[in-house]
Amino acid sequence: MRAVIVGAGVVGLACAIELRRRGADVTLVERSLPGAGASSGNAGWITPVFATPLPAPGVVMTSLKWMLQPNSPLFIKPRIDFALFRWLWSFWRHANKMDFERGVLAYAAFASHAQADFDGLVAQGVPVQIEARGSLFLFTTPAGAEHLRHEVELMRDFGYGPVEILGPSEARDLEPAVTARVAGGILVPQERYLRPESMVDALVGKARALDVELRTSTTATGFRTAADRVVEVNTTSGSIAADEFVVAAGAWSQRLLATVGLRVPIEAGRGYGVTIEAPATNLRRATYLAESRIACTPFHGSLRLAGTMEFSGLDAPLDPRRFDAIRRGADQYLNGWRGGIEHEWAGPRPVTPDGLPVIGRTDRYQNLSIASGHAMLGVTLAPSTAIAVADLLCEGKSRYDLAAFRPSRFN
């Protein structure tokens, strides 16, 4: 079998490795460089416990309060875009208790394999260094901690262990940099993290060692089809024929799928990040600043602050106010983190209106599959997504339940 995968983020790279490991000839097409979208500058959390849909109860009122404020955790740039209007309407319709809990359970079942699948990837010779120090969630109000505890309770049936509720002094014992504004926290001991750009490098190295053909700076522009099959993918460096095609192009997936009449509503939710080299004070573990929606990840010699969600389109310029909002948000929870050399990054996350990824074969073309829409969970779910996709292409059926993630749900 010959397979073409469009997109060399962590999901596309993991799919290429798994398919090649099972004997397929694989070509990976990437519009820029591997990991150049949302894969390299994110927080790098492996967080199956908090794999939950973005549209949650109460998010509509919060979104309306934030959406036009450029320095808020969520910003929607005003523009005439009917696809965005339709996406937002669908997003808000899914922000209810029933859809949210249904999505939480679908995520929990799938993400319950994430830790083992990551270990399997490492066992195959992908040198990813994973830190197992747990995650600390900090809150300035007790209500936020209660909401998070409820989400964890929904996942207990899938083997997720208990969390530890902390008071302000206990939170400061774990992280001395915590400010007096913090009202408490939740410690999740089973969560892990890694440096995402190192993961990209490790996946690229493994793919090349397995003789995956990697075509960088090559944009997929469309497909040539015949009846219910894709025959080849057209790119800026020529056409590529194959037996199977996988779209793992992140926030660019919808543009490519639209060329063959497929509507898969994936919007670009841009995230911003600031990495501080040699910070004056570093953290001991991955830490989430709940009300400010900022993930803080300590690496060796550096600290990364990542967060915000900006719907401004794929081609909009970066907004420096978003970086400043992250810095000010971190000041509310943490003391002494400033003082090092700072590097700024931004990347578009692929977000669906129901908050769930799109994984599976399309109905219209029997040899065209999608592995996209992972939002902020691309790192967490990349190895499991790769196994699911490889199962579909090589065995005809996935070992994991993908019913909630099927592409046809948007028809």
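The values are calculated or read from the model by the stated rules, or taken from the named source; none is laboratory data. Just so we're clear, the structure is a prediction, and the values are computed from it rather than from any experiment. So basically every Cβ, Gly included, is an ideal-geometry build from the backbone, and we count neighbours across all protein chains shown.
For Ala278, work out the one condition from (1) modelled with pLDDT under 95; (2) in contact with a helix residue (DSSP H, G or I) (Cβ under 6 Å, 6 or more places away or on another chain); (3) surrounded by fewer than 20 Cβ atoms within 10 Å (Cβ to Cβ); (4) hydrophobic (A, V, I, L, M, F, W, C) it doesn't fulfil.
Here Ala278 meets the rest and fails (2).
May I ask you to list the residues in the range 271-316 that are free of Cβ contacts under 8 Å to residues at least 40 places away in the same chain and either of a type in the set (S, T, N, Q) or not in a strand (DSSP E or B) (or both)?
Correct list: His300, Gly301, Ser302, Asp315.
Return the pairs, sorted by first residue and then second, in which the second residue is part of a loop (DSSP other than H, G, I, E, B) and modelled with pLDDT of 95 or more, the first residue lies in the range 233-262 and is among the acidic types (Asp, Glu), the beta carbons are less than 9 Å apart, and the residues are 6+ apart or on different chains.
Between residues of the range 233-262 that are among the acidic types (Asp, Glu) and residues that are part of a loop (DSSP other than H, G, I, E, B) and modelled with pLDDT of 95 or more, the close pairs are Asp243/Met1; Asp243/Ala24; Asp243/Asn367; Glu244/Met1; Glu244/Ala24; Glu244/Asn367.
Please give the number of the condition Arg263 fails out of (1) touching a helix residue (DSSP H, G or I) at 6+ places or on another chain (Cβ under 7 Å); (2) in a strand (DSSP E or B).
Unmet for Arg263, out of (1) touching a helix residue (DSSP H, G or I) at 6+ places or on another chain (Cβ under 7 Å); (2) in a strand (DSSP E or B): (2).
Scanning the range 303-320 for residues that are surrounded by 15 or more Cβ atoms within 10 Å (Cβ to Cβ) and under 17 Å from the mean Cα position of the chain (by Cα), which turns out nearest to Pro78 (Cα to Cα)?
Ranking the candidates gives Phe311 first.
Which of the strands (runs of 3 or more DSSP E) contained wholly in the range 1-108 include at least 1 residues that are at pLDDT 90 or above and of a type in the set (Ser, Thr, Tyr)?
Per the criteria, 25-29.
List pairs: first in the range 341-368 and part of a strand (DSSP E or B), second charged (D, E, K, R), Cβ under 6 Å, 6+ apart or cross-chain?
Ile341/Glu277; Ala346/Arg270; Pro348/Arg270; Val351/Glu267; Gly360/Arg406
State all residues of the range 195-223 that are more than 19 Å from Cys15 (Cα to Cα) and surrounded by fewer than 20 Cβ atoms within 10 Å (Cβ to Cβ); if no residue qualifies, say none.
Ser217, Thr221, Gly222
Okay, residues lined up against (1) touching an Asp or Glu at 6+ places or on another chain (Cβ under 9 Å); (2) more than 28 Å from Ala132 (Cβ to Cβ):
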{"residue": "Gly9", "(1), (2)": "yes, no"}
{"residue": "Ile17", "(1), (2)": "no, no"}
{"residue": "Pro34", "(1), (2)": "yes, no"}
{"residue": "Ala43", "(1), (2)": "no, no"}
{"residue": "Thr47", "(1), (2)": "yes, no"}
{"residue": "Pro55", "(1), (2)": "yes, yes"}
{"residue": "Met61", "(1), (2)": "no, yes"}
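For Ala248, are the conditions met, namely being surrounded by fewer than 18 Cβ atoms within 10 Å (Cβ to Cβ), over 21 Å from Val49 (Cβ atoms) and not acidic (Asp, Glu)?
So Ala248 does not fit the description; no.
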